[in-house]
Structure formats: structure tokens, C-alpha cells
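A.B. asks: Can you read through this structure? Questions will come right after.
The values are calculated or read from the model by the stated rules, or taken from the named source; none is laboratory data. Everything numeric in this text was worked out from a predicted model, so none of it was measured. Positions of Cβ are backbone-derived with ideal geometry, glycine not excepted, and every protein chain shown enters the neighbour counts. To get the accessible areas, we keep the full protein, side chains included, count just its heavy atoms, and leave off ligands, DNA and RNA. Shrake-Rupley method; radii C 1.70, N 1.55, O 1.52, S 1.80 Å.
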Amino acid sequence: GDLIFRGRSVTDDSDFYNTGTLKCEGELAFLMDSVLRPQTTGFVNQTNRYVFQEILSEHNSNVPAEKQFKAGIIDVDEATISQLSFNYEHPLDFINTNLIEPYGGYLRIRYEEGVRYLDWVKQYGKAATQPIRFGYNLLDLKKSLVSTDVCTRCIPLGGSDRKVTIKNATGQNGVDYIEDAEAIEYYGEITKTVEFPEVNDPDTL
């Protein structure tokens, strides 16, 4: 009698015998079905909690009732945002980029008396006590690794001109990279750069 999943199918594949596989996505995907159009002034010196509520309000005004969310529990630390505005983003993308990444927390869908709430919380609030046993409730397992994604030695680059490195950072002794010895032993030396244009201090980088 407990609701464990609600969402929608995104594929409908079937073969000659009318058997196939369905891939589904959860209700958070509804936040990809609308667009946040630019406002006249945007948000100036408003709190992150207020912006979250306004995102849902804008989303709800552009979708039917079955895709709407009511702002629920918000217990992340309140912070003031000096300037922020919509620019045709999807609500879920905007929330992840401008709220979740800088302020942390998790999005949680919750139902009460048939109303769908979207909570923004520090901790999800539930821990599963059921053990995972292969062949019993874990029926399949697949691990994939794309070698082009592997990096064992990283060179961080800071500043808009990419001239800030970690050579002069504390404890680096003139070395401009950081590495994972265990990964190098397994994969060998694979060097890549990662850019942080907003960072101009070697120690922070």
C-alpha cells in the first residue's frame, strides 16, 4: 500500500513477440517540461529559499496540475543572493546550478493528502534497513568504465587567462599537478587539465 515510485516511461520498445524493456524517469523530470522566462528585474538581495519558491511558482504557471509541485520543507541554511535571474533555463537545471551546487542539500518529493510537495532538505531523512543480497533483491549488476574519462594526474589551471597554477601552493615544491598513486599503478600516467577561471590563489586552487 506504500507508494514507492511515480514517474513516466521514456521508451516503448517491443519486438516481434511484443516483449521489450521500458525505461522510466521519476517525477523530478516534470521540472524539465517548463522554461523559466526572464523577469523584468530578476532577484535582487533575495534569499535562496525565496528563489526556490519562486522557481516552483513559475513552473506551476506553465504546466498542468498533474505536473505541479508545492514548495514543502526547506531546511537548508538561508543565504542572501545579491543578483540572480531566469534566462530560459529548465527549472531543474536552474535549481541544481544556482541552489543545490552553492548551498547544498537534496530535493525530495513527498506526498501528503494527495498533494505533491518538493522539499529542499539538508538530509534526505530515511535510511533503508533492508540488506542487499545478490540473486535475491539484487538481480543484475553492470559496471562500465570509459577509459577516455580516466585521469590519474591532474593539472589545475586558475584565472581567466589560465596562468594560475599550484606550483607555488603550500607543499607543492614547484610541481604543477596532483596525482593518484594507486590509479597510476593501475592505469598508468594519464594527465589532464581542469580549469577554475574564478580561482586566482594557488593555495585555493
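A.B. asks: Conditions first: (1) at negative phi; (2) more than 22 Å from the chain's Cα centre (by Cα). H59 passes all but one, so which condition is the exception?
C.D. replies: (2)
A.B. asks: Suppose we keep only residues that are among the hydroxyl-bearing types (S, T, Y) and open to solvent by less than 80 Å² (accessible area, probe 1.4 Å) within the stretch 127-166. Which one would you say is farthest from E179 (Cα to Cα)?
C.D. replies: Step by step, filter the stretch 127-166, then rank; the result is T165.
A.B. asks: Additional query: Please go through the stretch 62-102 and give me each residue that is more than 23 Å from T41 (Cα to Cα), of a type outside the set (D, E, K, R), open to solvent by 60 Å² or more (accessible area, probe 1.4 Å) and touching a residue at least 12 places away in the same chain (Cβ under 8 Å), ordered by number.
C.D. replies: Selection gives Q68, I73.
A.B. asks: Also, I was wondering about something else. Mind checking which residues of the stretch 26-45 are farther than 26 Å from Y124 by Cβ and surrounded by 15 or more Cβ atoms within 10 Å (Cβ to Cβ)?
C.D. replies: Within the stretch 26-45, the subset farther than 26 Å from Y124 by Cβ is 35, 37-45.
Hits for the stretch 26-45 are V35, F43.
A.B. asks: Pick out the one residue from E58, E66 that is modelled with pLDDT under 95 and not β-branched (V, I, T).
C.D. replies: The unique qualifying residue is E66.
A.B. asks: Quick check on this structure: which one of T191, T170 is over 24 Å from V150 (Cβ atoms) and modelled with pLDDT under 95? Break it down stepwise before answering.
C.D. replies: Working: T191 fails: over 24 Å from V150 (Cβ atoms).
Only one candidate qualifies: T170.
A.B. asks: Among the listed residues D176, D119, which satisfies the condition of being among the charged types (D, E, K, R), in contact with a Lys or Arg (Cβ under 9 Å, 6 or more places away or on another chain), farther than 30 Å from I73 by Cα and open to solvent by less than 60 Å² (accessible area, probe 1.4 Å)?
C.D. replies: D176
Yes or no, residue by residue, for (1) out of contact with any Leu (no Cβ under 7 Å at 6 or more places or on another chain); (2) among the β-branched types (V, I, T):
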site: I4; (1), (2): yes, yes
site: T11; (1), (2): no, yes
site: T21; (1), (2): yes, yes
site: R49; (1), (2): yes, no
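A.B. asks: Six or more apart or on different chains, Cβ under 7 Å: which pairs go from a residue in the stretch 35-46 that's closer than 18 Å to S82 by Cβ to one that's among the aromatic types (F, W, Y) and surrounded by 14 or more Cβ atoms within 10 Å (Cβ to Cβ)? Could you list them?
C.D. replies: Going by the 7 Å Cβ cut-off, the qualifying pairs are P38/F86; Q39/F86.
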